[in-house]
Every structure is written in structure tokens, then in C-alpha cells.
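The values are calculated or read from the model by the stated rules, or taken from the named source; none is laboratory data. The structure presented is a predicted model; accordingly, all values stated were derived computationally and were not measured. Reconstructed Cβ throughout: ideal geometry from the backbone, glycine too, with neighbour counts over all protein chains shown. These accessible areas exclude ligands, DNA and RNA; they are computed on the full protein's heavy atoms, side chains included. Shrake-Rupley method; radii C 1.70, N 1.55, O 1.52, S 1.80 Å.
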Amino acid sequence: MLKSRIKYHTASFITSAPDISKLPTDEGIEVAFAGRSNAGKSSALNTLTDQKLARTSKTPGRTQLINTFELDEEKRLIDLPGYGFAKVPIEMKKKWQRSLGEYLQKRKSLKGLVVLMDIRHPLKDLDMDLINWAVDSEIPILALLTKADKLKQGKRKAEVLQVRKALAELNADITVHAFSSLKGIGLNELAWKLDDWYLGPFIKPDTLENDNVDQ
């Protein structure tokens, strides 16, 4: 069972937009999901929200628009166009890339970026382009290494450590976790990171100072 401060299952579809000009007003907080077209981005969103929120397909590259889902009036989930693998005309790929770059550079309400990569093939050139772009824009990143159920536990841990080591060289706000939509691996870690971006870090009550303790 998902343990989080936000009820992600309440997410509802708002709109699909070809570019940022058609998105909701740039206020509140948005967390965006991005990744290669075969990285399991839609499956991750559906697992997080426990509903068929984002359309999945055996044909990579179905997400061709910026899809917006609302958690409440101030909080949104964003499903960005997939990149890299999709068998589509080059002009359409270029259009997607422009929409992606424009969103990352100009959207003021963007507070965190979830970058999804197949754990068996992480940190490809396009992934690193996206990560470096976000780092340059000072956007916090959660790197989710998807399809983690495809690897045995030892190999899975080794891959996570290797990616953490590689990304640590960027000296940026980047967190790395293994993830599996099928097995639920890393689901709580995903929700907790989003909680922090939307609500701020969780502070346990017993760590708070009581100013009235001696009064």
C-alpha cells in the first residue's frame, strides 16, 4: 500500500497541449515525468496514481503532447512527450523536442523532474542531454531506473550505485532509485520525493523543538 502525504489516486486529467501556451496558468507546483519513449513513463504514472491515467501502448512514442493531470488546484503532474525511440517522422520528433525544451526552460511552476530510464540501458546520450538541461536550469531531478524487476537484486543494486556515482559528478540535486511498475519496487520512494517537492521535506514531530518545554 502506498504511504504518502498526498493522495495521488485522486489525480484527474485536465488537458493535452501541443506546447506550453496551451497549458494551465503557470501557477502552483508541477512535477514532470520525462524519458525515452520505451522507458515505461506512462506505466509509472499509472502505478503512482493507481489508475489508468496515462495511456500505455506496446508501440513506443504514443505520448505526443504535454499531458496535464491535476492533484488539486495548486498541484499538477505533467506527462512530457517521450523522446528517442519512437518510429515517427523526423519533423514530428523535432516538434516534440522543441515542446520539451520550451517547457523545461520556461515553465516557472516546474519544481521537480522525474527522468525515467530503463535500468538495463541508463544514461544514454538523450537522457544525459535532458539531465544536463535540468541541472543547468537548477531543477531537482529524480532518476528512476525502470523495469528493475528484469534484474536480480544484486545486479539491480550495482546498477543503481553506478548511476548514482556517474550523476554525482554533476554536483546537482539528483536522487536515484530503482523502480518497477510491475512489482512496485521504488513506488514509495517516488511518492515521498514528490511529497517533498509539493509540500516541503517531512519533519518528524519528535525532531521539532518545543519552545514551551520549561514553561
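Summary table
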item	result
Dipole magnitude of segment 119-164 about its Cα centre (Cβ charges: Lys, Arg +1; Asp, Glu -1), debye to nearest 20	580 debye
Förster radius 30 Å - calculated FRET efficiency between Gln153 and Ile29 (Cβ-Cβ, nearest 0.05)	0.30
Within a Gaussian network of the chain (alpha carbon springs, distance under 10 Å), most fluctuating of Pro201, Pro122, Pro81	Pro201
Spin-label zone in segment 121-159 - amide nitrogen under 17 Å from a point set 7 Å from the Cα of Gln97 along the C-beta vector	124-134
Percent accessible area from carbon and sulfur atoms, segment 83-200, protein chains only, probe 1.4 Å	50 percent
Alpha-carbon centroid distance for the pair segment 1-37 / segment 99-152, whole angstrom	15 Å
Within a Gaussian network of the chain (alpha carbon springs, distance under 10 Å), most fluctuating of Asn38, Asn171, Asn132	Asn171
Mean shadow area of the chain over all directions, Cα convex hull, nm²	14.0 nm²
Tensor-based shape of segment 1-41 (alpha-carbon gyration tensor, a/c under 1.5 rounded, otherwise prolate or oblate)	oblate
Pairwise Cα inverse-distance average, inverted: Kirkwood Rh of segment 102-141 (Å)	10.8 Å
Solvent-accessible area per residue, Å², over segment 78-208 with all protein chains present [probe radius 1.4 Å]	55 Å²
Rg/Rh (Cα only; Kirkwood hydrodynamic radius) as it applies to segment 123-163	1.06
Taking the chain and dividing mean pair separation by its residue count, relative contact order in percent (alpha carbons under 8 Å, at least six apart)	22 percent
Globularity ratio of segment 61-172, using Cα Rg and 2.2 N^0.38 Å	1.14
Flagged links, alpha-carbon separation over 31 Å, of Lys41/Lys165; Lys22/Lys165; Lys147/Lys193; Lys3/Lys152; Lys150/Lys204	Lys22/Lys165; Lys150/Lys204
J(HN,Hα) series, segment 136-153, from Karplus relation 6.51 cos²θ - 1.76 cosθ + 1.60, nearest Hz, glycine and proline x	4, 8, 6, 9, x, 10, 10, 8, 9, 8, 7, 6, 5, 5, 6, 10, 6, 4
Counted charge near Lys150, where neighbours are those whose Cβ lies closer than 15 Å (Asp, Glu -1; Lys, Arg +1)	+4
Simple label model, 7 Å out from Cα along Cβ direction - Met128 to Thr15, nm	3.7 nm
Within a Gaussian network of the chain (alpha carbon springs, distance under 10 Å), most fluctuating of Glu169, Glu30, Glu189	Glu169
Neighbour net charge for Leu167 - beta-carbon separation under 12 angstrom, K R +1, D E -1	-1
